[in-house]
Every structure is written in C-alpha cells, then in structure tokens.
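Chemist: Have a look at this one before I ask anything.
The values are calculated or read from the model by the stated rules, or taken from the named source; none is laboratory data. Predicted, not measured: the structure shown is a model, and the values here were computed from it. Please note: Cβ atoms are built from the backbone with ideal geometry, for glycine as well, and neighbour counts cover all protein chains shown.
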Amino acid sequence: MALALRDRKQLVWPVTGIVLGALVATNPFYAPDITLPVGIVAWCVDMALVLILSAHSMGARTGSLMAGVFLAVPCFIEGTPLSRGLLMCFMGAPFLAAAALAGAPPLQGFLARLAYLCSGCGSWQVKRQARSLDAIALQQLIVATGVLAAAIAIVKAASAFGLWLPVRWLAGGIMFFAFAEMATAGLPLIAATFGVTVPPLMRSPYRSASIGEFWAKRWNIFVAAMFRKYCFTPLARHGVALALLTTFVVSAVVHVLLFDMATGRWKISFVCGAFFLVQPLLIGAERWMNVRRWRPMAGRAWTLAALALTSPLIVEPALQLFEVEKIWGVPDDVLLPTVATLGFVIGFSSILSLASRLCVKRLSPESAGQNAECRA
C-alpha cells in the first residue's frame, strides 16, 4: 500500500511541471524572443540537468518541475513554425526522462542513469551487436514514409468543410499511423547501424487487435509503461474501471495543457482532450463484447473502426495546428513536412542509439529490479 501511494505521488511532480510550463507559455506578462540555436542549447541543458539532478530523489522531483517549465521554450522561438514544432517534440524527451527518473531507484553515476532510460527503465537489456543494415526495417520505413506523403497530399487537397471532412479526417488518421510505423521501423534501423539493440518506441499500432492492446502494448510504449506504473496499477487495487478512467483523464489533462502551450487556444485543446476521455468507454465496450476472443482480423477491424470514428477529436485539432501555424509549409508542399517528419524520426532514433552505444551494459534489467526492491 505504501508503494502504491508513493507511485501516485510520483505522478504529481511531472503533471505539476506541465502545469507550470503551460502557465509560462501562456502568460501575458513576459514573452522573450529566443533564437533557434538558443533553443537547442536549452534542450541540451535541460537534458543534462535532468540527468545530474536525478542522482537523488528530491533532485529528480525538481528535475520533473524544471523539465515541465522547459516545455515552454519552443513557444518563444523566433523561427519557422516547423522549427518550433520539431523543438517541442524534442523537448518531450527530457521531460519524459525526468518523470521516469523521479520514480526510479537512486542510480549513482551519470551514465548509469542514462543507461536506465535507454533500457526502457530497466525493462529491456541494451546490448551490442554487429553493425548491420536492417533491410526489412528500411523497407518498412520507406513504405511508411510514402504512405505519410500520400496522406499529407490528400489532407492538403481536401476541403476543411462539407462532404470533404470525412476524407480529411481519414487521411489525417492515416498520417498518425504512418508516423507510428516510421517510428516502429526507424529506431531498429538506426540502432542496427550503431551496433546496439534498443527498446521499441512503437510496435505497428495499426496491427492492434483491440483498443486495450493499442494503448498498452503498441502506441508510445514508454509513456504507456509510465502511466501503467504510476497511475493505473496503484489505482487498480480500488477497481480496474476507476484506474482505467483516471489514467485516461490524466492523459487528457496532459494533452490539453501541451496542446494549449503549442497553440494558445483553449477550446480546440479541450476537443483534443476529449479524444482520450472516449477511450475508456471503447475499452469497456470491447470487454463487454469480448473482443479479445475474436479472430485477429475481426479484432483489428473493430480497433481501426473505433479509432476512425473517434479520431476527428484529435485529428482535426492537429491539422488545424499544422495549418494555422503553417508548420508544414505552403498548401501545395508535400515534400517539406514529409522530409521533416522523416528527419525527426531519424534524428531522435540516432540520439537514442548513440546514447545506448555510450552506456551499453551499464545497467541490466536485473540490476534495475534489485535497486527498485531495495528502495521499496
């Protein structure tokens, strides 16, 4: 019980950090002008401070608050909307690292903490392997990039009004799945060229046979594991339904705050949050229908159909963000957003693979588990 209470308290720190970041980003009193190089330096400082402060429990909690505030930095960048958007995505890495380390066992040494993160918080053994070219992953990445480009072209060609709206939303949803497939293939591809194995970020979400599998095992695996550890599991002792609903409510609040930081538009931010509030209802419905006993193809059809029906709640706000902020270039430009997305996947995968290469074997899952038991 004491462990469950501690896990719940650990979630308070990163959520508070996001709230502070939202207040900084949307405050009407002070809006500094920051150049992109300064923003990149801020990202490096943010990540370094998170790893340094996390040597002790109180420092790790402070790092969560600090990383949440740093999320506001891209909002003040003087540059193209695309550069601000990419920097906002990268700023998520130190924040997630801070949240993970705030609930981790105390780890002595900078590289040991970095290794803990690279191993998926001790759930995956990062190992060296012979440098190679993963031809299957390369082919998967090329196909997913092509699908992304086609979906972007359809979205840009479709009107945002009338009968074209379903086409716009469907293509927008395909964009999300294409990006997830690029992340699924990109990380193992880059990791193989660095000669390491790393934990997956995504696992082909379009292949999910249920909504529960989509969120728990295939979409944004690292974040899903954190929500499961610090929110769902502690509350599940009081009822699975309560734990499930609370987890998605917290996720909705986080996404509303992040979206508002990026756009400064509360109404559409709440629409984005509503998407996550619908998900526990879908999971409850599929449990009532016993979807897990269906054949895989039937389960996938249900999952894709359910997500397609609810996707406008998150797809439309995202598309409006891209269009209003001109994040993906001029209306007829498909190449720029496609190359930018591919560059983000490769860049993030390279950073993670390089970090894993530097600290491989510093921390095994067994040692992480032992440290966690000692701290408990």
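Chemist: Output the number of residues of region 189-222 satisfying the condition of being in contact with a strand residue (DSSP E or B) (Cβ under 8 Å, 6 or more places away or on another chain) and either surrounded by 22 or more Cβ atoms within 10 Å (Cβ to Cβ) or on the phi < 0 side of the Ramachandran plot (or both).
Modeler: 3
Chemist: Do we have C44 as assigned to a helix (DSSP H, G or I), over 17 Å from the mean Cα position of the chain (by Cα) and not aliphatic (A, V, I, L, M) here?
Modeler: Yes: the conditions hold for C44.
Chemist: Can you say whether R228 is surrounded by fewer than 18 Cβ atoms within 10 Å (Cβ to Cβ) and under 30 Å from V69 (Cα atoms), as far as the supplied structure shows?
Modeler: yes
Chemist: Hey, another quick one. Out of A72, A93, A98, I need the residue that is surrounded by 15 or more Cβ atoms within 10 Å (Cβ to Cβ), at pLDDT 85 or above and within 27 Å of T338 (Cβ to Cβ). Which one?
Modeler: After ruling out the rest, the residue left standing is A93.
Chemist: Restricting the search to region 294-316, which residues are of a type in the set (S, T, Y) and within 11 Å of S210 (Cα to Cα)?
Modeler: T303
Chemist: When you go through (1) among the small types (G, A, S); (2) within 22 Å of C89 (Cβ to Cβ); (3) out of contact with any Lys or Arg (no Cβ under 8 Å at 6 or more places or on another chain) one by one for A224, which number turns out not to apply?
Modeler: (3)
Chemist: I'd like the residue in region 132-167 that is surrounded by 16 or more Cβ atoms within 10 Å (Cβ to Cβ) and part of a loop (DSSP other than H, G, I, E, B) and, out of all such residues, is nearest to the chain's Cα centre (by Cα).
Modeler: D134
Chemist: With the requirement that a residue be more than 24 Å from G347 (Cα to Cα) and either touching a strand residue (DSSP E or B) at 6+ places or on another chain (Cβ under 6 Å) or among the aromatic types (F, W, Y) (or both), what does region 144-184 give you?
Modeler: Listed by number, the residues that qualify are F161, W164, W169.
Chemist: Here's something else I'd like to know. Give the residue, chosen from Q129, Q125, that is surrounded by fewer than 19 Cβ atoms within 10 Å (Cβ to Cβ), within 22 Å of the chain's Cα centre (by Cα), closer than 21 Å to L114 by Cα and at pLDDT below 95.
Modeler: None of the others qualify; the one that does is Q125.
Chemist: Mind checking whether some residue in region 95-114 is in contact (Cβ under 8 Å) with a residue 60 or more places away in the chain, basic (K, R) and in a helix (DSSP H, G or I)?
Modeler: Taking every residue of region 95-114 in turn, at least one turns out to be in contact (Cβ under 8 Å) with a residue 60 or more places away in the chain, basic (K, R) and in a helix (DSSP H, G or I).
Chemist: Quick check: anything in region 329-348 part of a helix (DSSP H, G or I), modelled with pLDDT under 85 and touching a Phe, Trp or Tyr at 6+ places or on another chain (Cβ under 9 Å)?
Modeler: No, the conditions are met nowhere in region 329-348.
Chemist: Turning to a different aspect of this structure: Look through S64, S83, S54 and report the one residue that is at pLDDT below 80 and either under 20 Å from the mean Cα position of the chain (by Cα) or under 20 Å from P105 (Cβ atoms) (or both).
Modeler: Of the residues listed, the single one that is at pLDDT below 80 and either under 20 Å from the mean Cα position of the chain (by Cα) or under 20 Å from P105 (Cβ atoms) (or both) is S83.
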